[in-house]
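The values are calculated or read from the model by the stated rules, or taken from the named source; none is laboratory data. Keep in mind the model is a prediction, meaning the values are calculated, not measured. Heads up, the Cβs are rebuilt from the backbone with ideal geometry, glycines too, and the neighbour counts pull from every protein chain shown. Note: areas computed on protein heavy atoms with side chains; ligands, DNA, RNA excluded. Shrake-Rupley method; radii C 1.70, N 1.55, O 1.52, S 1.80 Å.
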Amino acid sequence: MAIRKYALPLLAAAVLLCLFMLLAIYYESAFLRKYDLMLVHAASRLQTPFLDDVFILISNSASRPSEFFLLAVFSLWCVIVKKRVAEPILLAASLIGVRYMNSWLKSVFERDRPAFQPVIEAPGFSFPSGHAMISLAFFFLLFIILSRVIGASRSKTKIILIVTGVFVFLVGFSRVYLGVHYPSDILAGFSAGLLWLMLSLALYKLIPHSKSPDHLKRR
């Protein structure tokens, strides 16, 4: 029974790790670089002043100041209103950890950013995308924890996760549109971010009151 319980998460983690490793090994290959450049050029043809503003806003909403602001607001609400401290600690540890992990990975691979008509300037290296990796790991964990804390039903939780997924996808796309990442950077960031999220959720399950009430499970 225990093997069946953990078989699917372990398989998913193995697939994500293999995907990340393949991208890490072949991101400089002629084949992958061809499609990276093709998609970057295609995204650049969509650029207009209006869309520039839209995607800069989306990109900035997943920046460091925005994430730490949301962390602070959630933590204050969770501690003062709900009298719970484990969730803010876990969320803070996950956010700080995934940021350091992304910085370390970028220092390992040292991939230069695209140099084709960037809308904005972005410092540092490109692989894997920090916005993609961190936004997936942070925003999904934030809203999963929030849905549990407020006791959201399964149907409402699904809606929350779908909206979060659309937002995270747009964050990733915004980085390609703005010309500061290749698509392979985004895909690698999503893979690594999902791995980090799975680890964070595994730790979250160790919190005794992290499970939804029985009446919510039946909805």
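Is it the case, given these coordinates, that residue 50 is in a helix (DSSP H, G or I), closer than 27 Å to residue 188 by Cα and either out of contact with any His (no Cβ under 9 Å at 6 or more places or on another chain) or free of Cβ contacts under 8 Å to residues at least 24 places away in the same chain (or both)? Considered against the rule, which asks whether it is in a helix (DSSP H, G or I), closer than 27 Å to residue 188 by Cα and either out of contact with any His (no Cβ under 9 Å at 6 or more places or on another chain) or free of Cβ contacts under 8 Å to residues at least 24 places away in the same chain (or both), residue 50 comes out as no. Contact map, the range 82-98: residues that are closer than 14 Å to residue 67 by Cβ and part of a helix (DSSP H, G or I) paired with residues that are open to solvent by 40 Å² or more (accessible area, probe 1.4 Å) and β-branched (Val, Ile, Thr), Cβ distance under 7 Å, separation 6+ or inter-chain. Pairs shown: 88/79.
None of 104, 77 is open to solvent by 60 Å² or more (accessible area, probe 1.4 Å) and within 17 Å of the chain's Cα centre (by Cα) except 104. Among the residues making up the range 30-52, those that are surrounded by 11 or more Cβ atoms within 10 Å (Cβ to Cβ) and charged (D, E, K, R) are 33, 36, 52. All but one of (1) surrounded by 12 or more Cβ atoms within 10 Å (Cβ to Cβ); (2) among the small types (Gly, Ala, Ser); (3) at pLDDT 80 or above; (4) over 16 Å from residue 109 (Cα atoms) hold for residue 12, so report the exception by its number. With (1) surrounded by 12 or more Cβ atoms within 10 Å (Cβ to Cβ); (2) among the small types (Gly, Ala, Ser); (3) at pLDDT 80 or above; (4) over 16 Å from residue 109 (Cα atoms) applied to residue 12, the lone miss is (3). From the set of residues in the range 146-178 that are in a loop (DSSP other than H, G, I, E, B) and either modelled with pLDDT of 90 or more or polar (S, T, N, Q) (or both), which is nearest to the chain's Cα centre (by Cα)? Of everything passing the filter in the range 146-178, 178 is nearest to the chain's Cα centre (by Cα).
Scan the range 179-191 residue by residue and report those that are within 11 Å of the chain's Cα centre (by Cα) and open to solvent by 10 Å² or more (accessible area, probe 1.4 Å). Full working, then the answer.
Narrowing the range 179-191 to residues within 11 Å of the chain's Cα centre (by Cα): 186-191.
186, 187, 190, listed by residue number.
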